[in-house]
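Please treat every number below as a calculation from the coordinates, not as lab data. It should be emphasised that the depicted structure is a prediction, and the values quoted were computed from it without experimental measurement. Positions of Cβ are generated from backbone atoms using ideal geometry, with glycine treated the same way; all protein chains shown enter the neighbour counts.
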């Protein structure tokens, strides 16, 4: 999860999955990603046949920080990478605070009054 200036970005590598295998939801300020992996493998030769099936479900939940707009969550899935964008509210966007310039020869740290 990355905290950007105007949004929170969650990126997850989900190799061998397709978009239809993944679900993203937001409920009670919790973002949940869930999915299911299914794979089949067959081997045929002259005198034998082998078949193997693998399945597995997964999910991951993350509590969203205060100041995000959960109603405007946007997700994309491309080449096995899920990317979820959660925009911040205007009030929560970082504000730059000016620091007073250091005086020449003054190596003391700046402290709040």
Given a cut-off of 15 Å, what percent of all Cα-Cα pairs of segment 2-92 lie beyond it?
65 percent
If the chain between residue 41 and residue 23 were fully stretched, how many nm would it gain, using 0.36 nm times the residue separation less the Cα-Cα distance?
4.0 nm
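Only counting other Cβ atoms within 10 Å, I'd like 23, 91 sorted with the fewest neighbours first. Write out the running numbers ahead of the final one.
Details: 23 13, 91 8.
Ordered from fewest to most neighbouring Cβ atoms within 10 Å, 23, 91 come out as 91, 23.
I'd like the FRET efficiency for residue 57 and residue 85, computed as 1/(1 + (r/R0)^6) with the beta carbon distance as r and R0 of 25 Å, rounded to 0.05. Spell out each step's value before the answer.
On the way: r = 25 Å, r/R0 = 0.99.
E between residue 57 and residue 85, to the nearest 0.05, is 0.50.
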